[in-house]
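Encoded as structure tokens, the structure appears first; notes follow it.
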Amino acid sequence: MKLSLGLLGMEALTGGDFAALRDLVALADKKGVDQVSAVDHVIMGEAHDEYPYGPFRGASRTPFLEPLVELATYAAATTNIRLSSGVVISPLRPAVTLAKQLATLDVLSRGRVEIGFGVGWQSAEYAACGVEFESRFSILEEQIRVCRALWGGTNVSFRGQHVAFDNMTAMPHPVQGAKLPIWLGVALKRRNIERIAELCDGWLPMERGSGQAQAADRRPEAGVRRTRPRPRGASGARRL
């Protein structure tokens, strides 16, 4: 078993000083914690009826740092800890920009990125970002394929529903190349099981539930799952 430090609400331990979280993560790195995990919302509305995992009180006032910028800060202060998210709402970001951001983070951290992607739940957030909510899963699939292609090749061409380009190269490649680990934080439905098995390296369970994913000729025991205990006495005790 490996230990992952989730950061949602951890600013309560530093008197609300987000910059001090860097020192907390640096301490976790020295103590042998395996991974640090950031969270994501680009913008938050007041209506939370769409949230599928229970009460979502006070979320519009919850401070969400931009996770890739946040993880870059921790990369500079650590040596061994892996850099992850639970999750980056990836469809809110252009695919080629996302590929560049993650490649940059992996290079600067000397190959310590294992990112979590998800699609979120708030249609108003998508509208504010100019992205079609109903297309979120097809955007996600294309993003992963674009990232893998750009991370591992040169003069890459891609033709998809949302992204298209010819003979393009994005350098530098990640230290981990096209095999940079991508996890999915999605509900364990049949189509999502297929996405995890075909495109990704692991599953981040959403709220409750467990299960085994078997698809695309991959054995259940070959997959990896990450769960997050609920801490007591901190604002991070609720899952957002």
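The values are calculated or read from the model by the stated rules, or taken from the named source; none is laboratory data. No experiment lies behind these values; they were computed from the predicted model shown. Positions of Cβ are backbone-derived with ideal geometry, glycine not excepted, and every protein chain shown enters the neighbour counts. In case anyone asks, the SASA skips ligands and DNA or RNA and just uses the protein heavy atoms, side chains included. Shrake-Rupley method; radii C 1.70, N 1.55, O 1.52, S 1.80 Å.
Quick rundown of the values:
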{"read-out": "Matching residues, the range 163-193, being within 16 Å of the chain's Cα centre (by Cα) and under 16 Å from Lys100 (Cα atoms)", "value": "Lys179, Leu180, Pro181, Ile182"}
{"read-out": "Subset of the range 143-160 (residues that are in contact with a helix residue (DSSP H, G or I) (Cβ under 6 Å, 6 or more places away or on another chain) and not hydrophobic (A, V, I, L, M, F, W, C))", "value": "Gln143, Arg148, Gly152, Gly160"}
{"read-out": "Where a residue in the range 122-150 is within 16 Å of Phe165 (Cα to Cα) and its partner, wherever it lies, is in a helix (DSSP H, G or I) and not aliphatic (A, V, I, L, M), with Cβ under 6 Å and at least six apart", "value": "Ile139/Pro91; Gln143/Ser90"}
{"read-out": "Candidate set: the range 133-192, residues that are more than 21 Å from Gly116 (Cβ to Cβ), in a strand (DSSP E or B) and among the aliphatic types (A, V, I, L, M); chosen: the one least open to solvent (accessible area, probe 1.4 Å)", "value": "Val156"}
{"read-out": "Search result, residues across the range 32-46 that are free of Cβ contacts under 8 Å to residues at least 60 places away in the same chain and either of a type in the set (A, V, I, L, M, F, W, C) or touching a Leu at 6+ places or on another chain (Cβ under 6 Å) (or both)", "value": "Val33, Asp34, Val36, Ala38"}
{"read-out": "Selected residue (criterion: surrounded by the most Cβ atoms within 10 Å (Cβ to Cβ)) from residues of the range 1-28 that are touching a helix residue (DSSP H, G or I) at 6+ places or on another chain (Cβ under 6 Å) and of a type in the set (D, E, K, R)", "value": "Glu11"}
{"read-out": "Check on Thr73, farther than 22 Å from Gly152 by Cβ and of a type in the set (S, T, N, Q)", "value": "yes"}
{"read-out": "All positions within the range 85-118 that are open to solvent by 10 Å² or more (accessible area, probe 1.4 Å) and of a type in the set (Asp, Glu)", "value": "Glu114"}
{"read-out": "Qualifying residue in the range 102-114 (condition: closer than 14 Å to Val39 by Cα and modelled with pLDDT of 95 or more)", "value": "yes"}
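Residue-by-condition table, conditions (1) touching a strand residue (DSSP E or B) at 6+ places or on another chain (Cβ under 7 Å); (2) among the aromatic types (Phe, Trp, Tyr); (3) in a helix (DSSP H, G or I); (4) over 24 Å from Met1 (Cα atoms):
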site	(1), (2), (3), (4)
Ala20	no, no, yes, yes
Asp23	no, no, yes, yes
Asp29	no, no, yes, no
Val33	yes, no, no, no
Ala47	no, no, no, yes
Glu70	yes, no, yes, yes
Thr73	no, no, yes, yes
Ala76	no, no, yes, yes
